[in-house]
Amino acid sequence: MKKQFLLLLIFIVLTTISFAQDEKSRYQQMNREEINQLSLDELLNMSFENLMILAKKLGISIDELLEMKTNVASKMTFTPRETPGIISVITKEEIRLSGVRDFIDILRLVPGFDFGYDVQGVVGVGLRGNWVHEGKILLLIDGQQMNELVYSNIPFGNHFPVDQIKRIEIIRGPGSAMYGGNAELGVINVITKTEKDIDFAEFSGNVGKMMLEKDRYNLNLNTGTKVSNWEITAKAFLGEANRTDQMFTESIDALENQVDMAKGGSEIKSQHHNVGVRNKNFSARLIFDDYKTKYTFFEDDFTGNLQAFNEFRSILGELKYEIKATEKLTLTPSFNYKYNRSYYETGYWRNFFVNRYAGSAMASYKVNDKIFLATGFETYSDNGQCISDSGYFYSNNSAKLQINNHALFAEGTVKLNKINLIAGFRTENNSIYGWATAPRIGITGVFNKFHIKTLFSGAFRAPTIGNIELATNIDPEKSFVTEIEIGYRINDFLFATVNIYDIQVNSSINYFDNGGDERGVDWGYRNAEKAGSTGFEIEFKSLFSKGFASVNYSFYTQALRNIPELYTIPVRKNVVLGFPQHKLALNTGYQITKNLQVGTSLSFTEKEYGYSHVDEDGIPQISAFDPKYLWNMAITYDNIFLKGISATLSIHDILNQQPVFVQPYNGGLYPYPGPSREIMLKISISTAVFSKK
C-alpha cells in the first residue's frame with residue numbers, strides 16, 4: 001500500500017505543477033501607478049506568476065516586489081527567506097481550496113506536526129517528536145495569547161474558526177526570546193481578516209456527516225467597515241461537532257468497558273468572537289472564546305459510565321498605541337487583560353479561574369539603513385481564585401494564588417549586503433521560581449536563488465499556576481535549539497527548503513503519580529530528566545496563478561537524547577510514544593475554470609506506539625498502531641446562482657482509515673478514536689451578491 005500511495009503522490013504533484021503555465025490576467029493590464037498602489041496584504045495573497053508579471057512591468061526582481069514581510073520570528077520585519085526562524089506560511093486561499101474543517105486538518109499538512117490524546121476529551125499537539133501541548137507551543141490570534149492559564153494547554157478540534165483566518169505564520173522552533181515561557185518549541189501566529197478582506201460582511205455555514213453519526217454544524221459571520229479613519233471588524237463563530245462515531249475504550253486496564261460514541265458522548269461545543277478597532281496609531285481588541293468537550297469516564301461498579309463537559313473559557317482584551325517619537329524612534333505601550341477558566345466541570349469542588357493583568361512597552365530604533373534595535377519591558381500578574389467556598393490551592397491551602405512576572409528583552413539586527421546578523425535575549429524574573437533567560441543568535445542570507453539560515457536559540461517553558469500548586473519545588477524547563485536551513489528557488493514558481501535541527505531540553509517539567517498521598521513527593525509536577533529530539537524537514541512548494549502545490553517530509557529521532565521514562569518506548573529508543581517518526585504530506589489546489597476549483601490533500605504517517613493493555617501482573621504494555629493514510633478532497637464552486645455565493649463539497653478520510661489519537665505518555669488511557677470518513681458541505685455568502693457589477 002505504501003508503494004501505491006507514493007505513486008499516487010508523485011502523479012498528483014507532477015500533474016498539478018504542470019498546470020503552472022502563463023495566462024493573461026488582470027495583472028497584465030495594470031499600469032505602474034496601479035501596481036504601486038497595491039497594498040502589502042494584496043501582494044501577500046498574490047500568486048508568484050502574477051508577481052512576476054508585475055515585477056517585469058516595474059523592471060525589478062520578484063523579491064523586491066514581493067516584500068513578504070513577517071515579524072513572527074523577530075521584533076523586526078523580514079521576508080520569509082531572511083527571517084530568523086524556520087517558518088511556514090499558510091494563506092486563506094490555501095485554507096479555502098483545501099476544504100479544511102479545523103486546525104487539526106491545517107497542522108497535519110505542516111512539517112513536524114501531529115496530534116495526541118491528553119485527558120477528559122482533550123486533543124493536543126506534538127511537534128518534531130515532542131509533546132508540546134504541555135505549554136511548549138504558543139498560539140496567537142491577532143497578537144492575543146490563546147493558551148489557557150492553568151497549564152498553558154491548547155485544546156484542538158473544531159475550536160478556532162478557520163473561516164476568519166487571513167494568514168497563518170508558524171515558527172517550527174523556539175520563540176521564547178520574543179514571547180516568553182509558552183513559546184519554548186514553537187509559535188502559531190494567526191492573523192484574521194481585516195476590513196479590506198471582508199468588504200462589509202461575509203457568512204459561511206457548514207454541515208458534516210460521518211459514517212455513523214452527524215459530525216458538525218458550524219456558523220461563521222465576518223463583518224468589517226470603515227468609519228472616518230477607524231477600521232472596525234467583528235467576527236463571530238458558533239460550532240457544534242462530534243469528535244468520533246467509533247467505539248470508545250477509556251482505560252487500558254478495562255478493555256471490556258466500551259462505549260458506542262455513535263450514540264453520543266464526544267460532543268464539542270464552541271464559540272469564538274473577535275472584535276477589533278484601529279486607526280493610524282491606536283488599536284483595541286476583544287476576544288471571547290468558549291470551548292467545551294464532552295468526555296466519558298467510569299465512575300464505579302454501581303454507577304457505571306458517566307459523561308461530563310470539560311469547559312475552557314477565555315476573555316481577552318488589548319489596548320495598544322503606537323507613538324512615532326522621532327523619524328527613527330517608535331514607542332509602543334500596550335495593556336492586556338485575560339480571564340481564563342480552564343478544565344471547569346459543573347459541581348467540581350476545586351474549580352477556579354485566573355485573571356491576568358499585563359502591560360508592556362516596546363521601543364524600536366532605526367540607527368541607519370543597516371542597523372535596527374528593539375527593546376522592551378513586559379510585566380504580568382496572574383491571580384487565581386477558587387470558585388466554591390470549599391475550594392483551595394494545594395500549594396498554599398488558600399482560595400487564592402498569585403504569580404507576578406517581569407521580563408526584559410532586546411534584539412539587534414545588522415543588515416549587510418547579502419547577510420543579516422541577529423542577536424537578542426529575554427530575561428524574566430518570576431515571584432515563584434525566580435530567573436529564566438533565553439538568548440539567541442542568528443545568521444541569515446539570501447544569495448540570488450539560494451538562502452541559508454543558521455540559528456542558535458535558548459528557550460524556556462515557564463511553570464504555570466497548575467504546575468506550581470502541585471509541586472513543592474519546580475524550576476523552568478530550559479532548552480537549547482540549533483537549526484540550519486538551506487533553500488533554493490528552482491524557478492519563479494517552485495521553491496525547495498531543507499532544514500536540520502537539534503533540540504536539547506533540560507529540567508523537563510513532567511507530571512508523575514506514584515500512588516501516594518503527599519503532593520510533590522508522590523504525585524504532582526517535577527523537573528525530570530533531559531528530553532528533546534533531532535531531525536530534518538524537506539519541503540517543495542509551488543505557487544502559480546491557477547493554484548498551488550506543496551509536498552513535505554519530516555523525520556525525527558530520539559537516539560541522541562535521554563528521554564524521560566514517561567514518554568519512552570522500552571523496545572525502541574529512537575521513537576517516543578504517540579508520534580510517528582516519519583511523516584509525508586501533500587496539499588494542492590487548482591482553478592479548473594473561472595468559478596470551479598478543486599483541492600486535495602494527503603498525509604501519511606507511519607505506525608505509532610502507545611499503551612494498549614496490561615499484562616497478567618497489571619503492568620502497562622505498549623502496542624504499535626497502524627500507519628495512517630489520510631486523503632481529503634474538496635470541490636469549490638464560486639458565484640453559484642448569484643455572484644458572491646460559493647459552495648464547497650469536501651470528503652475527508654476518503655480511505656476511511658479512522659485514525660486514533662494515541663496518548664503520548666504513560667497516562668493509563670487507551671487511544672481516543674478519531675472520526676470516520678466525513679462528507680461536509682459549506683455555503684459561503686458575501687455582500688458581493690448586492691453588487692451591481
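The values are calculated or read from the model by the stated rules, or taken from the named source; none is laboratory data. Because the structure is a prediction, the values reported are computed rather than measured. Quick reminder, even Gly has a Cβ in these numbers, built from the backbone with ideal geometry, and neighbours come from all protein chains shown. All accessible areas refer to the heavy atoms of the entire protein, side chains included, with ligands and DNA or RNA removed. Shrake-Rupley method; radii C 1.70, N 1.55, O 1.52, S 1.80 Å.
Once you put a point 7 Å from the Cα of residue 214 and another 7 Å from the Cα of residue 369, both along the Cβ direction, what distance in nm separates them?
6.3 nm
Whose amide H sits under 5 Å from the amide H of residue 192, counting only residues 5 or more places off or on another chain, with H placed in the peptide plane?
142, 166
Zone of residue 255 (label point 7 Å along Cα→Cβ, backbone N under 11 Å): which residues in segment 616-652?
The answer is 616, 621-623.
Leaving ligands, DNA and RNA out of it, work out the accessible area of residue 233 with a 1.4 Å probe and give it in Å² to the nearest 10.
Here the accessible area works out near 10 Å².
At a 1.4 Å probe radius, which order do 641, 450 fall into by accessible area, largest first?
Per-residue accessible area, sorted high to low, gives 641, 450.
So how much accessible area does residue 388 have, in Å² to the nearest 10, using a 1.4 Å probe?
About 40 Å², rounded to the nearest 10.
Using a simple spin-label model with points 7 Å from Cα along the Cα→Cβ vector, what separation in nm is obtained for residue 484 and residue 689?
Rounded to a tenth, the inter-label distance reads 5.7 nm.
Could you please state how large a percent of the accessible area of the chain is carbon and sulfur, counting protein chains only and using a 1.4 Å probe?
Reported share for carbon and sulfur atoms: 57 percent.
Separation of segment 563-636 and segment 322-376 by C-alpha centroid, Å?
Going from one Cα centre to the other spans 36 Å.
Quick one: how many Å² of residue 461 are accessible to a 1.4 Å probe, rounded to 10?
10 Å²
Given a Förster distance of 60 Å, report the FRET efficiency between residue 641 and residue 574 from their Cβ-Cβ distance, rounded to the nearest 0.05.
After rounding, the FRET efficiency stands at 0.60.
Show which aspartates and glutamates lie in cross-link reach of residue 328 when reach means a straight Cα distance below 18 angstrom and same-chain residues fewer than eight apart are skipped.
369, 411
Average the reciprocal distances over every distinct pair of alpha-carbons in segment 326-399, invert the result, and give the Kirkwood radius in Å.
15.5 Å
Kindly write out, for segment 256-263 in residue order, the coupling ³J(HN,Hα) from the Karplus curve 6.51 cos²θ - 1.76 cosθ + 1.60 (θ = phi - 60°), rounded to whole Hz, with x marking Gly and Pro.
Calculated HN-Hα couplings, in order: 6, 8, 10, 10, 7, 6, 5, 9 Hz.
Using a simple spin-label model with points 7 Å from Cα along the Cα→Cβ vector, what separation in nm is obtained for residue 582 and residue 416?
4.1 nm
With r as the distance between the Cβ atoms of residue 621 and residue 521 and R0 = 41 Å, compute the FRET efficiency 1/(1 + (r/R0)^6) and round to 0.05.
The computed FRET efficiency comes out at 0.90.
Counting only heavy atoms of protein chains, what accessible area per residue, in Å², does the chain have with a probe of 1.4 Å?
Per residue, the chain has an accessible area of 42 Å².
Which of the residue pairs 226/453; 92/643; 209/628; 546/583; 320/418 have a Cα-Cα distance greater than 29 Å in the structure shown?
226/453; 320/418
Can you give me the C-alpha center-to-center distance between segment 533-553 and segment 403-428, rounded to a whole angstrom?
What the calculation gives is 29 Å, centre to centre.
Over all distinct alpha-carbon pairs, what is the Kirkwood Rh of the chain in angstrom?
The Cα-based Kirkwood calculation yields 26.2 Å.
May I ask you to work out the translational diffusion coefficient for segment 371-488 at 37 °C, viscosity 0.692 mPa s, via Stokes-Einstein with Rh from the Kirkwood sum over Cα pairs, reported in whole µm²/s?
192 µm²/s
If R₀ is 22 angstrom, what is the calculated FRET efficiency for the pair residue 402 and residue 429, using the beta carbon separation as r and rounding to 0.05?
0.90
Give, in nm to one decimal, the length gained when the segment between residue 305 and residue 201 is fully stretched (0.36 nm per residue of separation minus the Cα-Cα distance).
32.9 nm
For segment 134-189 and segment 642-691, compute the distance between their C-alpha centroids and round to whole Å.
The distance from the Cα centre of segment 134-189 to that of segment 642-691 comes to 21 Å.
Just reorder 235, 280 by solvent-accessible area, largest first, 1.4 Å probe, all chains present.
280, 235
Sorting 295, 488, 217 by accessible area (1.4 Å probe), largest first, what list results?
Putting 295, 488, 217 in descending order of accessible area: 217, 488, 295.
With Cβ to Cβ distances under 13 Å as the rule, what net charge do the other residues near residue 463 carry (K, R +1; D, E -1)?
Net charge in that neighbourhood comes out at -3.
Multiply the residue separation of residue 498 and residue 279 by 0.36 nm, subtract the distance between their alpha-carbon atoms, and state the gained length in nm to one decimal.
74.8 nm
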